[in-house]
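Q: Provided herewith is a single structure, encoded as structure tokens, for subsequent inquiry.
The values are calculated or read from the model by the stated rules, or taken from the named source; none is laboratory data. Fair warning: this is a prediction, and the values are worked out from it, not measured in the lab. All Cβ positions, glycine included, derive from the backbone under ideal geometry; neighbour counts span all protein chains shown.
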Amino acid sequence: MHGALAQPPVTAPRMTARAGQAAQAATLRQPVPLVRANTSEQATMLVDELRALGIESLTVAGRDLKAQIAPKRVRALEFSTDSVTGITTGATQSTAWDDILLIVTGRLHEKSAVVEERRRSGRMQPVDSRELFADDLVLDLYSKNDEAGWRIIATSFDFSCLESEKKMTAVENFIALTNVLRGRASRAEFDNSYVRVRQMLTAVWPLEQATRKGEWRRSGAGKFDLSTVTTTDNATQFTRYSRLRRWLRARELTSNS
């Protein structure tokens, strides 16, 4: 079994591999991130620990994943016999079908916790709270010379390129589009493992969380409420995993050339 040992450039407590994690990773039959380190010395120690568990591993520096570079959000596609053109806001980019290396699919999840507060007796006190959830299908497409890749999100994509194969719902269209891309980009590797490994990835790449304050809102005579929204999502986690798959795919092709 092979494991990918990710080493992102952030401060984090040392993670040690447990036998349960290793066993779960073994069922996937492909490299997966198990642990992370802060320094190359820690990474070497973790490689030795994994080897003691019978796991051959490799290290990947966080900078190699280029997670700080956002993927290009593609809103629509145009197909031709030899190539595909991605349409973004105000720009287009084309790539040959034969140059597509990898297609990665997954799901984006977002949870927003909203707390409404009101000033009473000189203090802010909660008066209401609610949680909002969003879930979307996502596809990243990588070509030979594009490390950032194209990103397609089902609910913000125009599926007109499917023509007669276009369906009624975004989910059906996303599946149909994935099948078309896989069929035309016959040399590309297809990876849909993210959903299966998502829970394991949390130890390596935790979910992102951000908190913002809303504006004061009048809720009655002399009453003003202030909302605080805390959002948790897996967008950065998925990007890092997608880029890891791309890094491994490029490494495989280089070693075979």
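Q: Output the residues belonging to region 97-133 that are under 26 Å from L65 (Cα atoms) and assigned to a strand (DSSP E or B).
A: I100, L101, L102, I103, V104, T105, G106, R107, L108, H109, E110, K111
Q: Turning to a different aspect of this structure: Kindly provide the set of residues from region 115-154 that are closer than 21 Å to N179 by Cα and over 16 Å from the mean Cα position of the chain (by Cα), ordered by number.
A: Of everything in region 115-154, those that are closer than 21 Å to N179 by Cα and over 16 Å from the mean Cα position of the chain (by Cα) turn out to be S143, K144.
One line per residue, one yes/no per condition, for (1) among the hydrophobic types (A, V, I, L, M, F, W, C); (2) surrounded by 14 or more Cβ atoms within 10 Å (Cβ to Cβ); (3) assigned by TED's automatic domain parsing to the domain that holds T88; (4) within 20 Å of L77 (Cα to Cα):
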residue	(1), (2), (3), (4)
K144	no, no, yes, yes
E163	no, no, yes, yes
F174	yes, yes, yes, yes
V180	yes, yes, yes, yes
R184	no, yes, yes, yes
D191	no, yes, yes, no
R212	no, no, no, no
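Q: Could I ask something else about it? Just checking, how many residues over region 43-83 are within 23 Å of the chain's Cα centre (by Cα) and either assigned to a loop (DSSP other than H, G, I, E, B) or aliphatic (A, V, I, L, M) (or both)?
A: Residues meeting the conditions: 14.
Q: While we're here: If the Cβ limit is 8 Å and pairs must be 6+ apart or interchain, which residue in region 44-55 that is surrounded by fewer than 11 Cβ atoms within 10 Å (Cβ to Cβ) pairs with which residue that is not hydroxyl-bearing (S, T, Y)?
A: G54/M1; G54/A22
Q: For the subset of region 28-43 comprising residues that are touching a residue at least 60 places away in the same chain (Cβ under 8 Å) and out of contact with any helix residue (DSSP H, G or I) (no Cβ under 7 Å at 6 or more places or on another chain), which member is surrounded by the most Cβ atoms within 10 Å (Cβ to Cβ)?
A: R36
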